[in-house]
1. Right, residue 19: at positive phi, outside the structural domain of residue 95 (by TED's automatic domain parsing) and not hydrophobic (A, V, I, L, M, F, W, C) or not?
2. Please list, ordered by first then second residue, the pairs with beta carbon atoms under 8 Å, 6 or more apart or interchain, first in the stretch 98-114 and not assigned by TED's automatic domain parsing to the domain that holds residue 53, second part of a loop (DSSP other than H, G, I, E, B).
3. Quick one: in the stretch 23-49, which of the residues that are touching a residue at least 12 places away in the same chain (Cβ under 8 Å) and surrounded by 13 or more Cβ atoms within 10 Å (Cβ to Cβ) is farthest from the chain's Cα centre (by Cα)?
4. Can you tell me which condition residue 78 does not meet? The list is (1) assigned to a helix (DSSP H, G or I); (2) among the aromatic types (Phe, Trp, Tyr); (3) modelled with pLDDT under 95, and all the others hold.
5. When you look at residue 57, is it buried (at least 17 other Cβ atoms within 10 Å of the Cβ), modelled with pLDDT under 95 and not assigned by TED's automatic domain parsing to the domain that holds residue 129, yes or no?
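The values are calculated or read from the model by the stated rules, or taken from the named source; none is laboratory data. Note that the structure is predicted; figures quoted are calculated from it, not measured. Ideal geometry is used to build each Cβ from the backbone, glycine not excepted, and the neighbour counts take in all protein chains shown.
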Amino acid sequence: MASNRHLGRIIALQSLYEQDFRLECQDKNFDIQDVLNRNIRRYKDMVDDRDFIEDIVNGVNQQQQALDDLLQPIAPEWPIISIARMDRIVLRMGAYELVFRRDIPPKVVINEAVELAKAFGGENSSKFINGVLGTLLRNQEDEKSKKQDAKKVKKEDEKT
């Protein structure tokens with residue numbers, strides 16, 4: 001299953017990369033569902049979790065602005081649009097899984113994103129991806145901790 005999910009992430013990455021490129025070129029005939037179907041069909045004998053792939057692609061597309069808003073403060077010297085296309089897409093995919101796919105362990109998400117960056121990104125992509133997603137995870141954990149602390153304080157106040 002794990003290697004199948006890795007392949008699923010590669011297919012999602014390919015689909016999102018093509019989408020980003022073709023939309024930048026103002027391709028009026030672009031249809032993400034056609035691209036997704038084509039890319040999944042290429043690997044049909046090795047893919048058995050189509051829903052996982054579709055969830056990543058559709059989730060990244062639906063949550064793109066929210067994901068960009070989460071990522072931008074982590075790397076303020078790199079506006080999202082200025083980040084290399086491949087890195088930007090890997091970051092969005094990783095952020096989507098960290099924030100919206102609670103069924104996948106965060107360390108697995110980050111490791112998978114780093115592996116995609118090593119395979120498809122530039123020389124320093126994996127370090128950049130690891131740093132940004134690691135910071136996003138720490139930020140999420142800090143927020144969760146603050147909320148838990150606030151609940152404890154509220155319960156203690158209610159007792160007194």
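1. no
2. Close Cβ pairs (under 8 Å, with a partner that is part of a loop (DSSP other than H, G, I, E, B)) amount to 99/63; 100/63; 109/101.
3. Only one residue tops the list, namely 43.
4. So the condition that residue 78 fails would be (1).
5. Values: buried (at least 17 other Cβ atoms within 10 Å of the Cβ): yes; modelled with pLDDT under 95: no; not assigned by TED's automatic domain parsing to the domain that holds residue 129: yes.
In short, no.
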